[in-house]
Amino acid sequence: MNSESRWSRMLPLGAPRIVLRRFARPDVNAFQAYRNDPHVARFQGWRGISRREAIAFVGRQQLQEIAKPGEWLQMVIALRPTGQAIGDCALKVHAADTRQATIGITLSRAFQGQGFATEALSTLLDYVFRKGMLHRVQADTDPRNTAAWKLFERLGMRREAHCRKNLWFKGRWADEFLYATLREDWLACRSRG
């Protein structure tokens with residue numbers, strides 16, 4: 001399978017309770033609502049989003065090439081029975097080495113703590129390692145974001161670094177935890193159940 005075809009069939013990705021899919025115009029309201037929730041935004045690089053910005057973002061993501069090196073692809077996390085957008089997860093294949101990528105996730109407050117993040121990122125990691133043939137995937141988070149780093153650890157990712165005051169974030173120097181997993185480790189963990 002060549003590089004183009006392995007990514008062109010990526011979306012949608014199904015899981016028991018959710019589907020990862022492209023953004024669509026009806027997702028604007030839900031997207032704008034959780035992006036404007038201060039609880040959701042507190043560890044994210046954004047503070048909020050206007051209606052115009054939300055519409056433009058959704059429009060760009062509808063057309064975003066999957067796995068284009070150096071660019072983020074945001075995917076809607078939608079409830080399987082209704083299609084309701086409850087958050088999004090992201091994938092950025094590294095421009096310097098297309099065998100590596102960074103992932104991220106955002107969930108609406110009403111859907112946090114119910115296993116949806118684990119289900120979404122497990123589904124994404126299964127695809128990028130099994131079909132996308134990536135070698136390594138990483139994620140970063142603020143150390144105060146306990147839910148995020150516990151999620152990464154539940155997924156079998158290793159904490160590779162604690163970078164102290166390396167990021168100017170919302171008016172102050174912030175720390176970051178860096179997590180990663182390798183294809184061989186992910187596949188071995190999945191085969192053990």
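Any read-out appearing in this document is the output of simple, stated calculations on the displayed coordinates, not a laboratory observation. Remember, predicted model here, so these are calculated numbers, not experimental data. Note that each Cβ is placed from the backbone with ideal geometry, even for glycine, and that neighbours are counted across all protein chains shown.
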Per residue of the stretch 63-72, in order, report the coupling 6.51 cos²θ - 1.76 cosθ + 1.60 (Karplus, θ = phi - 60°) as ³J(HN,Hα) in whole Hz, putting x for Gly and Pro. 9, 4, 5, 6, 6, 6, x, x, 10, 6
With the label point 7 Å along the Cα-to-beta-carbon line of Ala96 and a cut-off under 17 Å to each amide N, the hits in the stretch 41-83 are 69-72
Calculated Kirkwood radius over Cα pairs in Å (choose from [x] 28.9; [y] 17.1; [z] 17.8), label: [y]
With label points built 7 Å along Cα→Cβ from the Cα atoms of Met133 and Lys150, find their separation and express it in nm. 3.9
Express in whole angstrom the spacing between the alpha-carbon centres of the stretch 179-193 and the stretch 46-110. 24
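Can you sort Met133, Met75, Met157, Met10 from fewest to most other Cβ atoms within 10 Å of each residue's own Cβ? Each step should come with its number before you reach the end.
Working: Met133 12, Met75 26, Met157 23, Met10 19.
So the residues, fewest neighbours to most, are Met133, Met10, Met157, Met75.
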